[in-house]
1. Taking the options 340, 330, name whichever one is under 30 Å from residue 118 (Cα atoms), small (Gly, Ala, Ser), assigned to a helix (DSSP H, G or I) and in contact with a strand residue (DSSP E or B) (Cβ under 8 Å, 6 or more places away or on another chain).
2. Could you check, for the range 310-323, whether at least one of its residues is hydroxyl-bearing (Ser, Thr, Tyr), modelled with pLDDT of 95 or more and outside any strand (DSSP E or B)?
3. Just checking, how many residues over the range 51-70 are under 26 Å from the mean Cα position of the chain (by Cα), among the aliphatic types (A, V, I, L, M) and over 25 Å from residue 115 (Cβ atoms)?
4. Does residue 177 satisfy the criteria of being free of Cβ contacts under 8 Å to residues at least 40 places away in the same chain and not acidic (Asp, Glu)?
5. Going by the structure shown, is residue 278 open to solvent by less than 50 Å² (accessible area, probe 1.4 Å) and polar (S, T, N, Q)?
6. Residue by residue through the range 214-233, note down the ones that are under 18 Å from residue 306 (Cα atoms) and either basic (Lys, Arg) or not in a helix (DSSP H, G or I) (or both).
7. Restricting the first residue to the range 293-307 and requiring it to be at pLDDT 95 or above, which pairs with a second residue that is aliphatic (A, V, I, L, M) and open to solvent by 60 Å² or more (accessible area, probe 1.4 Å) meet a Cβ separation below 9 Å and a spacing of at least six or different chains?
Amino acid sequence: MHRHSRLAALGMAGLIALAGCAGPSGASSTPTSPSADTGSGAPATSAAAPAEITIWHYWDGANADTFEAMAKEYTAAHPGITINTSMIPNADFLTKLRASASSKTLPDIAIGDLVWVPQINQIGALADLKGLLPADVLADVNPALTSFGTIGGSQVSVPVSANNLAYMYNKTLFTQAGLDPAKPPTTWEELLADAKQITEKTGKPGYDLFTQAGDNGEGLTWNFQVNLWQAGGEFLTPDNSAAAFNTPAGKKALQFWVDLITSGTSPYGKWGEFEKGQGGSAQEGSWMVGIWAPDPPFDFGVAKAPYPSDGKPATNLGGEQAMVFNNSDANAKAAADFLAWFLAPEQVTKWSETTGMLPVTNSVATSSTYLDWVNSTEPRLLPYVEQMADAHARPNTPLYPKISLAFAQQVEKAFAGEASVDEALAVAEKAVNDVIAQG
């Protein structure tokens, strides 16, 4: 969902404080010097010709400061390359991009929300990064993230940050309910049983669910997709031409949510109780670790997202992706050279440690240098890091925002008791297919 775009900066500032970050570059006090498992510096690329490139992003606070410092580090090591960064507010980003396309003043690099990639691909001509980035750089990136940036056979974007969803719980309420805080649930069955026990023993909701569509639907949809994938289902067909969730797997996932609600452990329309300290657990994003780490509102723990005993692990990816506009050959090459540098192990390690975002490359996510930093600085990030191997990306279609809202508005009726699981999925399927047909 889009919530991470607004809250991430707060979380990163918290992790910087935790790490004792210091110095003008914004680097963590934890050493990020080259090592055998993280590599050193940028991968070998053809030297970029002199160029002045412009980068638009929507980060603010610590994230923006860190990115600016890293851009300066790159230019200091690459004479002849000038980088100008601009922070464009999240709410204005796509509007300004469309206006800049009309006036032929598009930036060279746009860094925006993952789900925006298909829409930005329609705004202006994006470079195929497969021809501009070294193959080993692309091969190292989490495949779910690179697959999202693959449109029409071209690699139109690469990830620069990532987050996902996991199980977060209130250790105090676990103890009050007679549960062991050191043994969070690992399956849906255990989750439901623990949630019931928390509600029975404490009178508080055992598990928060995002059950209302709201004005964009994505809060509900992006949380539900985790359980849909865990049950073995898919949201859309592989070519994004039709809904694919009205299946036994989709019914199983939706029934799980309905069971949580009807059991009394997940009251309809009550999302947010966990974050207030008034609920036992919830499916929360990795950014919440950073937000709460400096001054936790309660003693909280994190575990991988529970999945059905006959299902498979899965979570939902969020984060930002970078796209290069084909403004000129020289600028496209210089922009790609900067991204190759940014995605090198040393830079990914520095960016991840300083901001608290999850590594987008497999080599860093599994490196002892980074994992030692996680375990010593904020071990509650570890489940999120480990889940990157099981992460899925949402459908990369420009219609996704409308599809997400149409889906959420219909399945919400099952949570409100206005429709059965079968009825809600059938109507949601029709609503989504109508959105796709209308284009």
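1. When all the criteria are applied, what remains is 330.
2. No, the range 310-323 contains no residue that is hydroxyl-bearing (Ser, Thr, Tyr), modelled with pLDDT of 95 or more and outside any strand (DSSP E or B).
3. 1
4. No, not satisfied.
5. No: the conditions fail for residue 278.
6. 231, 232, 233
7. Within 9 Å, the pairs are 301/182.
For (1) loosely packed, with under 15 Cβ neighbours inside 10 Å; (2) β-branched (Val, Ile, Thr), each residue gets a yes or a no:
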{"site": "397", "(1), (2)": "no, yes"}
{"site": "400", "(1), (2)": "no, no"}
{"site": "406", "(1), (2)": "no, no"}
{"site": "413", "(1), (2)": "no, no"}
{"site": "419", "(1), (2)": "no, no"}
{"site": "423", "(1), (2)": "yes, no"}
{"site": "428", "(1), (2)": "no, no"}
{"site": "431", "(1), (2)": "no, no"}
{"site": "437", "(1), (2)": "yes, no"}
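The values are calculated or read from the model by the stated rules, or taken from the named source; none is laboratory data. Only a predicted model underlies this, so the values are computations on that prediction, with no experimental measurement involved. Virtual Cβ from ideal backbone geometry, glycine too; neighbours counted across all protein chains shown. Ligands, DNA and RNA are stripped out before the accessible areas are found, and what is left, the full protein with its side chains, is counted by its heavy atoms. Shrake-Rupley method; radii C 1.70, N 1.55, O 1.52, S 1.80 Å.
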